[in-house]
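Here the structure is laid out as structure tokens; the discussion comes afterwards.
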Amino acid sequence: QLKENGGIGSISEQLLDTRADVTIGGGSKYFRQTVQGGEYKGKTVWEQAKEMGFQTVENDPAAMNALQYKDGQPVLALMSDGNMPTKFNPSKATDKDPAKDANPTVCTPKALDLLNDNPNGQKNGFFLQVEGASIDKQDHAGNACGQIGETDDFDQAIAYAMQNVDLTNTLVIVTAD
């Protein structure tokens, strides 16, 4: 799948190629990898994102919260090296590195605000995917408190969206994996 072999590139490279208006989440370490082929060969995926015109923020909640919609400049804000920290008790999966669970990242409901500020989005609509990615990870780790906290965070995200979008022409789907 590497680009130098004619493939579509890494997941991080594919994410940039889709050019979503707003991407916020974890996994910033995957954007530090070196691109192996194509136009950006030898650069990191972060450098590629910047050259492609993305507004980039890495592990900086204040900078993410200061982002504003800019036409033609999609947002790539990755707020954790790997998985986002959990809301409640540390998980057993991070016992060897408890710092991963310390100081959970607190973000404002930025993605929906940025999409609502986009005049094209207001006119033509938009697709927003919100994932509660650590709900099942906490279940697999046997961490009931972590799972409850992640489920509560997901519920709050849904409630915010339901209160801040025009529901007359909006389809909302909530599902589990």
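Structure summary
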| read-out | value |
| --- | --- |
| Cα centroid of the range 13-44 to Cα centroid of the range 137-177, whole Å | 26 |
| Heavy atoms of Leu171: accessible area, 1.4 Å probe, square angstrom to 10 | 140 |
| By accessible area with a 1.4 Å probe, ligands and nucleic acids excluded, highest first: order of Ser28, Ser10 | Ser10, Ser28 |
| Per-pair calculated FRET efficiency, R0 = 45 Å: Val172 and Asp60 via Cβ, rounded to 0.05 | 0.90 |
| Mean accessible surface per residue for the chain, computed with a 1.4 Å probe while every protein chain stays in place, in Å² | 62 |
| Integer Hz, Karplus 6.51/-1.76/1.60 couplings in order for the range 53-63, x for Gly and Pro | x, 6, 7, 10, 9, 10, 6, 9, x, 5, 5 |
| Cut-off under 5 Å, modelled amide H: who pairs with Tyr69 long-range | none |
| 222 nm mean residue ellipticity, helices alone, for the chain (DSSP H n ≥ 4; -39,500 (n - 2.57); rounded to 500) | -10000 deg cm²/dmol |
| Amide H contacts under 5 Å for Gln55, placed H, 5+ residues apart | Val75, Leu76 |
| Contact order normalised by residue count of the chain, Cα under 8 Å, 6+ apart, percent | 19 |
| Heavy atoms of Glu131: accessible area, 1.4 Å probe, square angstrom to 10 | 130 |
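The values are calculated or read from the model by the stated rules, or taken from the named source; none is laboratory data. Because the structure is a prediction, the values reported are computed rather than measured. Positions of Cβ are backbone-derived with ideal geometry, glycine not excepted, and every protein chain shown enters the neighbour counts. Areas reflect the complete protein model, heavy atoms only, side chains present, ligands, DNA and RNA absent. Shrake-Rupley method; radii C 1.70, N 1.55, O 1.52, S 1.80 Å.
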